[in-house]
Structure formats: C-alpha cells, structure tokens
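Heads up, the thing below is written out as structure tokens.
The values are calculated or read from the model by the stated rules, or taken from the named source; none is laboratory data. The shown structure was predicted, so the numbers you read here are calculated from the model rather than taken from an experiment. Neighbour counts are summed over all protein chains in view; Cβ atoms, including those assigned to glycine, are modelled from backbone coordinates with ideal geometry.
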C-alpha cells in the first residue's frame with residue numbers, strides 16, 4: 001500500500017529511502033524465511049506498477065500471473081507515454097509488432113518483467129546515492 005501511495009504522489013516509481021522500516025522489513029523477513037522477503041518485494045513491485053499502470057491507463061492482467069499490459073502497439077506508435085512514465089517493453093513491442101513470434105515474445109517479456117524488477121523504470125531516491133556500493 002505504501003508503494004502505491006508513494007508512486008501516486010510522486011508520479012513515478014521511486015525506490016524507498018534506505019535504512020527505514022520499509023527497507024529493513026524485507027531484510028528481517030529474510031532471516032525468518034526467504035520466501036517472506038520475496039513476498040515483501042513482490043508487494044512493493046505490484047504496488048508501484050499498479051499505480052503507474054492506472055496513471056497511464058494501461059490494463060493489468062491478474063491471471064495466469066500479474067502483468068501490466070501495454071495498450072495495442074499500433075495505437076501507441078503515434079502517442080507519447082505520459083510524462084515521467086517509462087514502460088520497459090515499449091521499444092521491444094514496437095519492433096516485434098509485425099513479427100510472427102510477437103505472441104511468444106510478449107509472453108516471455110511479461111514473464112521476465114514479472115519475475116524481475118517490474119514493468120516500469122524505478123528512479124533512484126536522492127538520499128540513496130551515497131549507499132551505491134557498485
């Protein structure tokens with residue numbers, strides 16, 4: 001819920017500030033059970049992605065797995081995305097719109113975003129830049 005409300009307020013997905021309850025809870029949950037960490041991070045991703053999908057008027061698919069779907073590609077070719085929202089699949093789907101493998105590529109892309117870092121780009125929190133270890 002916090003990720004959704006923060007994303008609605010900011011208009012973009014912003015990572016939470018380090019060393020707060022919101023970032024330490026998944027770490028503590030990992031010590032209890034690694035699956036709890038996955039569920040905490042999954043909730044963060046779903047909350048932020050749902051808020052951005054709602055703002056961009058993009059449909060959300062619940063079954064067989066949670067996914068943010070793009071509007072039809074042909075309609076999007078002439079329309080820019082709402083300001084501040086950067087969907088990861090737009091250029092990929094534009095290139096595959098006429099390909100016979102477009103359905104398979106779309107499924108693989110959606111599954112990759114669902115199991116990875118989400119469907120939208122996440123902005124760095126300004127305070128977290130000093131904790132960049134890599």
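Taking the stretch 107-126 as the search range and keeping residues that are over 15 Å from residue 42 (Cα atoms) and in contact with a helix residue (DSSP H, G or I) (Cβ under 9 Å, 6 or more places away or on another chain), which one is modelled with the highest pLDDT?
Per the stated criteria, the residue is 123.
One line per residue, one yes/no per condition, for (1) surrounded by 16 or more Cβ atoms within 10 Å (Cβ to Cβ); (2) within 17 Å of the chain's Cα centre (by Cα); (3) at pLDDT 90 or above:
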site: 4; (1), (2), (3): yes, yes, yes
site: 11; (1), (2), (3): no, yes, no
site: 14; (1), (2), (3): yes, yes, no
site: 21; (1), (2), (3): no, no, yes
site: 29; (1), (2), (3): yes, no, yes
site: 32; (1), (2), (3): no, no, yes
site: 46; (1), (2), (3): yes, yes, yes
site: 58; (1), (2), (3): yes, yes, no
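Between a residue in the stretch 12-26 that is farther than 12 Å from residue 128 by Cα and any residue that is part of a strand (DSSP E or B), which pairs come within a Cβ distance under 7 Å, given they are 6 or more apart or on different chains?
Qualifying pairs under 7 Å: 12/123; 13/120; 13/122; 13/123.
Tell me which of these residue 65 doesn't satisfy, since it passes every other one: (1) touching a helix residue (DSSP H, G or I) at 6+ places or on another chain (Cβ under 7 Å); (2) at pLDDT 85 or above; (3) over 18 Å from residue 123 (Cα atoms); (4) outside any loop (DSSP other than H, G, I, E, B).
Among (1) touching a helix residue (DSSP H, G or I) at 6+ places or on another chain (Cβ under 7 Å); (2) at pLDDT 85 or above; (3) over 18 Å from residue 123 (Cα atoms); (4) outside any loop (DSSP other than H, G, I, E, B), the lone unmet condition for residue 65 is (4).
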